[in-house]
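The values are calculated or read from the model by the stated rules, or taken from the named source; none is laboratory data. Owing to the predicted nature of the structure, the values given are computational and were not obtained by experimental measurement. Reconstructed Cβ throughout: ideal geometry from the backbone, glycine too, with neighbour counts over all protein chains shown.
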Amino acid sequence: MPADSRRAVDFEAATDLVDVFLTQAARFRNEPLLRGKVDGRYLPVTWRGVERSALAIANALINQGIEPGDRVALISENRPEWFIADLAILMAGAVVVPCYVTNTVADHLHVLDDSGARAMIISTPKLAKRALEAAGQARVTPWAIAIEDPALHQNTGIDVLVAWDALIARHADRPRPATLAAIEPDDLAALIYTSGTGGAPKGVMLSHRNILHNCRGAYTVLKGIGLGREVFLSFLPLSHSYEHTAGMHFPISIGAEVWFAESIERLATNMAEARPTIMTAVPRLYETMRTRVLRGLESQSEGKRKLFRRTLDLGLKKYHTPEAMSLGERITDGVLSLLVRRKVAKRFGGRLKAMVSGGGPLNVEVGLFFHALGVPILQGYGQTESAPVISCNVPGRVRMHTVGPPLRDTAVRIAQDGEILVKGELVMKGYWNNEAATRETIDADGWLHTGDVGVIDERGCIQITDRKKDIIVNSGGDNISPQRVEGLLCLEPEIGQAMVYGDRRPHLVGLLVPDDDWLRSWSAKTGKQSGLDELAEDPDLRKAMAEAVGRVNAKLGQIEKVRKFMVAPEPFTVDNDQMTPTMKVRRHILKAVYGQCLEALYRG
């Protein structure tokens, strides 16, 4: 695709997210903006089609009494209707309240009560069931628009508008709402509830200005790759601030096309279909893909394995010491790009310009693995409170052990205790209905206290060393980074998930979950076909896992070594509340569930 930065909106002139969309829709009217899969085929929705539908739903919201500043909950999986609903809410002057599809009734009730949402837009009958049950218990009873027929078998007491297409048709010819011209840059655009690794979620207030700052910064980072008519593949939840900005509003701002993945299980197939040029992903995806690449290599011939190892070696040398590569090595590296790297690239669709990693720390070894294989991973950093991106590695200047330099017009400094502080137009307006928490997070001078600890290197790149609250202080007073130890554990083929424990204790112990593919292979070899809940106490399984822990301990300092461990009887998942939707371990939940067992390891 030829570079064409003219597809990007004029960020200096942009005032709000609706203005950006309408400007782009006027330019690219009959080009596809979205592609969703229907009956096994990806079908396009044009910019004009999205504009028409969003304006119609905006009029429907206003007709039902929604006023500027009202909150509207959006409960849907990633699909074209999400974009339409999100834009419609903004066009009505209202505030989008994204909700995770994994939310329980209690989760929905907390969001509805805290936000005071007056309406909901819900996609499937399955999601409608939980959402409507919560709505019936809410202090302010919202009404709802259903994207799909919710198939209600009894009166819920909630006013539900159905027939999405008919609703659009009914309001399509109405004049553009007056609210379009009344939107101000500092108006609230989204109220995003942090998934939270600890405690009840808080509503982060993000303005149009906050999110536009991120879009402008992302454009500055990526314009060096030759931005043209880009294709995104969306699979992280749009309810999370990372995908909401980077997977929706940023693609709109650069005139891109967005395809929706069917599921994480179908991601590889959808990559081949969409052939994306830019993707956003969380570190867990890269860890899983690395494991699968290495496992697939085991079935290849020795010759192919040798070529792969040589490709890795030369790729790493080119990263670390390019000046030390001989002419012969450079020639060999070029040949290996054709023989090996091109095949790896095809796994990602064959035309990736950048994969941005965020939502958690990317293990350096994982990042270098893909970098050496020619997969361009750019590690970034941020949090919901910063809309969410704070920094990102720049193409051609990747420093894999860092999260790159701050975005354009973003001030970052390190406090005396090592905490990373951030200031600029990206900083949230505050926490909804929680002035005390806002004052704790944003100081009187406007600096956002991230809760992350780090340093800024000589090139201006941020290096995260840990979370302030996650640092383990053992009984000897030593500070230990649990994320570093857990990251190394999860690189072992036997280990899928890990949490280490040991605050105010003499040493670390671990809670481990076997890698799913490895466990199936191990079960087939040993003839032990029981589920993980029964195998967790199996001595042979523990012995195999202990070997992996031993390999990791050999790389760790004395205070970081995991002395004992237990095998969890089930994986950490979003459904059991032990992971956030962006695949971060919820330590407080795991400690509540397994705390007594972990403590028993110190007595055994």
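Points to keep in mind about this one:
- Qualifying position, being among the small types (Gly, Ala, Ser), part of a helix (DSSP H, G or I) and under 20 Å from Ile264 (Cβ atoms), among Gly349, Gly296, Gly367, Gly303: Gly296
- Of the residues contained in the range 436-446, one or more are found to be out of contact with any Ser or Thr (no Cβ under 8 Å at 6 or more places or on another chain), of a type in the set (Gly, Ala, Ser), under 29 Å from Pro185 (Cα atoms) and in contact (Cβ under 8 Å) with a residue 24 or more places away in the chain.
- Here Val72 fulfils each of the conditions (1) in a strand (DSSP E or B); (2) free of Cβ contacts under 8 Å to residues at least 40 places away in the same chain; (3) β-branched (Val, Ile, Thr) apart from (2).
- Test: residue in the range 539-557 that is surrounded by 18 or more Cβ atoms within 10 Å (Cβ to Cβ) and among the acidic types (Asp, Glu): no
- Taken over the range 254-292, residues that are hydrophobic (A, V, I, L, M, F, W, C), over 18 Å from the mean Cα position of the chain (by Cα) and either surrounded by 21 or more Cβ atoms within 10 Å (Cβ to Cβ) or not assigned by TED's automatic domain parsing to the domain that holds Glu230 (or both) amount to 3.
- The set of residues from the range 154-172 being of a type in the set (Gly, Ala, Ser), assigned to a helix (DSSP H, G or I) and free of Cβ contacts under 8 Å to residues at least 40 places away in the same chain comprises just one member, Ala166.
- Qualifying residue in the range 94-102 (condition: polar (S, T, N, Q), in a loop (DSSP other than H, G, I, E, B), within 30 Å of the chain's Cα centre (by Cα) and surrounded by 23 or more Cβ atoms within 10 Å (Cβ to Cβ)): no
- Number of the condition not met by Thr280 [criteria: (1) in a helix (DSSP H, G or I); (2) among the hydroxyl-bearing types (Ser, Thr, Tyr); (3) under 28 Å from Gly404 (Cα atoms)]: (1)
- Residue that is in the same structural domain as Ile559 (by TED's automatic domain parsing) and either at pLDDT below 90 or in contact with a Lys or Arg (Cβ under 9 Å, 6 or more places away or on another chain) (or both), where the choices are Leu508, Leu421: Leu508
- Scanning the range 28-73 for residues that are buried (at least 19 other Cβ atoms within 10 Å of the Cβ), among the polar types (S, T, N, Q) and in contact with a Lys or Arg (Cβ under 8 Å, 6 or more places away or on another chain) yields a single hit, Asn59.
- Glu51 of a type in the set (Asp, Glu), at pLDDT 95 or above and either assigned to a loop (DSSP other than H, G, I, E, B) or not assigned by TED's automatic domain parsing to the domain that holds Ala172 (or both): no
- Test result for Met279, at pLDDT 90 or above and either basic (Lys, Arg) or within 30 Å of Gly247 (Cα to Cα) (or both): yes
- Every condition in (1) in contact with a Leu (Cβ under 9 Å, 6 or more places away or on another chain); (2) in contact (Cβ under 8 Å) with a residue 40 or more places away in the chain; (3) assigned to a loop (DSSP other than H, G, I, E, B) holds for Val140 except the one numbered (2).
- Residues in the range 112-131 that are more than 16 Å from Ala94 (Cα to Cα), out of contact with any His (no Cβ under 7 Å at 6 or more places or on another chain) and among the aliphatic types (A, V, I, L, M): Ile122, Leu127, Ala128.
- Looking across the range 105-125 at every residue that is in contact with a helix residue (DSSP H, G or I) (Cβ under 7 Å, 6 or more places away or on another chain) and not hydrophobic (A, V, I, L, M, F, W, C), the one that is nearest to Thr280 (Cα to Cα) is identified as Ser123.
- Members of the range 196-233 that are among the aromatic types (Phe, Trp, Tyr) and modelled with pLDDT under 95: none
- Annotation: Asp517 fulfils all but one of (1) in contact with a Lys or Arg (Cβ under 7 Å, 6 or more places away or on another chain); (2) within 23 Å of Val562 (Cα to Cα); the unmet one is (2).
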